[in-house]
Each structure stands twice: as C-alpha cells, then as structure tokens.
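Computed from the coordinates by the stated procedures, all read-outs in this text should not be read as laboratory data. Everything numeric in this text was worked out from a predicted model, so none of it was measured. In this analysis, Cβ positions are derived from the backbone assuming ideal geometry, glycine residues included, and neighbour counts consider all displayed protein chains.
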Amino acid sequence: MRLLLISGFLGSGKTTLLLEIARRLVAASQKVAIIENEVGEVGIDGQYLRQEGLEVQEIFGGCVCCTLSVDLVTTLKKLEKSVRPERVILEATGIARPGDIVPTVRRYASMVEEIQVLALVDAARYEMLLEVMNPLVTAQIGAADIVAVNKIDEVEQAAVQGVEASVKELNGEARVVAISAEQKTNLEELMDALR
C-alpha cells in the first residue's frame, strides 16, 4: 500500500483537497482508504467523508505524530487486513509534524511500500502563519515531498509567487504546485506530482 500523508495548519483546506484527491483516485479505479486524525473527541471530517462513500478510520484525542503513533500503526494494519487499499490518505491534525510520523510508519508498518508527504499552505494566511506558528509551519514544509500552495484564488499572483519562493527556500527538494482546492484549479498538476 502507498501512504499519502496530508499536513497543513488548521483551515488550510486539507479536507477539501483530500476529498478531491480521493475522488480522482477512485475514478482511476484505485482502492482508497482514509485515516482522519482529530485532536478532539469528535470527528466532523470523518462523518463528512463517509457521506461521500469513502472508507474512513478515525483516530481521536491527540496527534498521530506523538501520543497516537501506535494507534496509527494499528489502524494501518487493520486497513491492510480488512480493506486492502492501494492508497491510504492520512489527514493529520493541523498541528502534526510529518517528520515525526514518517519514521514510525517506516519502522513499524512494513505493509506501507511508499510514503508521500503533501504539505498544504494557505496562500492567504501564509505570512501570518509563518510568523506566528513558525516552527510548526516550517517543519511541515521541510518534511514535504510536495507542497501545495492553496487558495490562490484569494490572493494576487505576486503573492502566490512570493509564497512559492519562500517555500522553495525552506525546502528546495519539494515539488511546489499552486492550486485552489475549492475551485479545482491546477489539480491535474498536483495529481501528476502524486503519481
């Protein structure tokens, strides 16, 4: 199975993008399962995704990068036995550090053949989040294979270019794609990066 880990600060558009990616993978005849990680005790996103006909497992009450890493490995093993998905999409909490999740999965979830980390950044709030949540935002970008600059429909092109340049400074190895998950702009380019 292949694991796609989606990270991004709260409100960056993770669930909207996840749903669009899942729809496209299912349309391409891939078997997809979703893992929703919520810090709280109630999973709103999971309920919403289930209504869309997706297989969803939820992990509550903390973050999979630290306190719930064992739950993540257990959930991956359960999915492998019950669903046998080709692709698992993990939507981590907005405070997750993917760099802490990937080593645990590689070490303890041998059924995962490939891991891709997709960091989502909010073009409209990027500068503010970088200033206020700096260690977290830079850690999410730094651990990413792909960085999607989302909500480009809400800002000027010059601002998008500024965010892209900043992201490339923080992670010169990542592929950077400017998108609007809500408007479905440039999602084909993002799907190409995920293939």
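What the table shows:
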| read-out | value |
| --- | --- |
| Formal net charge of residues neighbouring residue 162 (Cβ-Cβ distance under 12 Å; K, R +1; D, E -1) | -3 |
| Antiparallel bridge percentage (DSSP; both residues within the stretch 2-194; nearest 5) | 5 percent |
| Most to least packed among 107-113, 139-145, 10-16 [average Cβ atoms within 10 Å] | 139-145, 10-16, 107-113 |
| Mean Cβ neighbour count within 10 Å, used as a protection proxy, ranking 22-31, 79-88, 93-102 highest first | 93-102, 79-88, 22-31 |
| In the stretch 131-195, the GluC sites (Glu not before Pro) that fall in loop regions by DSSP, at most 12 other Cβ within 10 Å | 156, 173 |
| Length-normalised contact order for the chain - Cα pairs under 8 Å, 6+ apart - percent | 25 percent |
| Sequence-distant lysines (8 or more away, or on other chains) whose Cα lies within less than 19 Å of residue 77 | 31 |
| Positive-end residue, the chain charge dipole about Cα centroid, Cβ charges, pick of 59, 187, 157 | 59 |
| Anchor residue 168: lysines whose Cα lies under 24 Å away (excluding residues fewer than 8 positions away in-chain) | 14, 151, 184 |
